[in-house]
């Protein structure tokens, strides 16, 4: 049975549901969570609004980042050679997404470690873990970018046998390499922001950098100045670079002692709610 594109969509949907179900089973049945998961009760829903506000900020932040790269592919369909542009950009986005998985791991680690250190009252440890994770992720992304440049004439043949597409991918590889490097830094800083509770701030930064600067500049370069896919990607790289620089500056200027104090106030507020309920 050949389902084509729909088959890929089915597999992707099923795989996400498998992850969700597996996580639920692991959390509810594993002994590792016996002290943090005591079963479902009405008390589980107390303070839900506070968590909901944080979750909405995180969801908006993540969606804006994910849609940004997808818009690049959609805009490629409006170029002079849409089939060639779509094929080459789709291959580049697949390679970028693969390398991005490493950064996602550092994103989660930075988020958890930062929040844990702030909650434990360790500002120096939070600072150290932030820059350590950022540096390691940057080094890995730099190695990935160099590998892409070194294999620029061959990497597309993993996905296609078309020589024209391979040539187009080779021409786009420098842009792909820059994107990979930026994606090695930005997600880690976003993870730190989540750990500090800055989700809403990062969502606003994403809107400004991605959708007010990156996409409009990319459209101007791609369509008005006729740089085609390279122009669109250049504009979007500019948006990502701006976002990364803003997050770097904010993280560098962070007063970690104040962040510890904020975390302590949040914990005290939660403890007060628990005491009133009991």
Kindly indicate whether residue 224 is at pLDDT 95 or above and either closer than 30 Å to residue 53 by Cβ or in contact with a helix residue (DSSP H, G or I) (Cβ under 9 Å, 6 or more places away or on another chain) (or both). no
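Looking only at the range 149-176, count every residue that is surrounded by 20 or more Cβ atoms within 10 Å (Cβ to Cβ) and within 22 Å of residue 137 (Cβ to Cβ) and tell me the total.
Filtering the range 149-176 for residues surrounded by 20 or more Cβ atoms within 10 Å (Cβ to Cβ) gives 155-156, 165-166, 168-169, 172-173, 176.
Now narrow it down to the ones that are within 22 Å of residue 137 (Cβ to Cβ): 155, 173, 176.
Going through the range 149-176 one residue at a time, the tally reaches 3.
Residue check: is residue 190 over 18 Å from residue 72 (Cα atoms) and modelled with pLDDT of 95 or more? Steps first, answer last, please.
Values: over 18 Å from residue 72 (Cα atoms): yes; modelled with pLDDT of 95 or more: no.
No: the conditions fail for residue 190.
Looking for something out of contact with any helix residue (DSSP H, G or I) (no Cβ under 8 Å at 6 or more places or on another chain) and either without any contact (Cβ under 8 Å) to a residue 24 or more places away in the chain or part of a helix (DSSP H, G or I) (or both) - is there at least one such residue anywhere in the range 82-96?
The answer is yes; a qualifying residue exists.
Restricting to the range 261-270, give me the number of residues that are surrounded by fewer than 18 Cβ atoms within 10 Å (Cβ to Cβ) and either free of Cβ contacts under 8 Å to residues at least 60 places away in the same chain or touching a helix residue (DSSP H, G or I) at 6+ places or on another chain (Cβ under 6 Å) (or both). It would help to see each step written out before you state the result.
To start, the set of residues in the range 261-270 that are surrounded by fewer than 18 Cβ atoms within 10 Å (Cβ to Cβ) comprises 261-262, 264-270.
Now narrow it down to the ones that are either free of Cβ contacts under 8 Å to residues at least 60 places away in the same chain or touching a helix residue (DSSP H, G or I) at 6+ places or on another chain (Cβ under 6 Å) (or both): 261, 265, 268-269.
Counting residues in the range 261-270 that are surrounded by fewer than 18 Cβ atoms within 10 Å (Cβ to Cβ) and either free of Cβ contacts under 8 Å to residues at least 60 places away in the same chain or touching a helix residue (DSSP H, G or I) at 6+ places or on another chain (Cβ under 6 Å) (or both) gives 4.
Here is a yes/no grid of residues against (1) modelled with pLDDT under 95; (2) part of a helix (DSSP H, G or I); (3) in contact with a helix residue (DSSP H, G or I) (Cβ under 8 Å, 6 or more places away or on another chain):
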| position | (1), (2), (3) |
| --- | --- |
| 128 | no, yes, no |
| 134 | no, yes, yes |
| 142 | no, yes, yes |
| 156 | yes, yes, yes |
What pairs come out if I take residues in the range 114-135 that are at negative phi and pair them with residues that are exposed (fewer than 14 other Cβ atoms within 10 Å of the Cβ) whose C-beta lies under 7 Å away, six or more apart or interchain? 119/267; 123/257
What is the residue count in the range 28-56 for residues that are surrounded by 10 or more Cβ atoms within 10 Å (Cβ to Cβ), part of a loop (DSSP other than H, G, I, E, B) and modelled with pLDDT under 80? 4
The range 66-97, residues that are over 18 Å from residue 175 (Cβ atoms) and within 19 Å of the chain's Cα centre (by Cα): 66, 67
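Every residue in the range 208-226 that is over 14 Å from the mean Cα position of the chain (by Cα) and under 28 Å from residue 129 (Cβ atoms), please.
208, 209, listed by residue number.
The values are calculated or read from the model by the stated rules, or taken from the named source; none is laboratory data. Everything numeric here is computed off the predicted structure, so don't read it as measured data. Neighbour counts run over all protein chains shown; Cβ positions are idealised from the backbone, glycine included.
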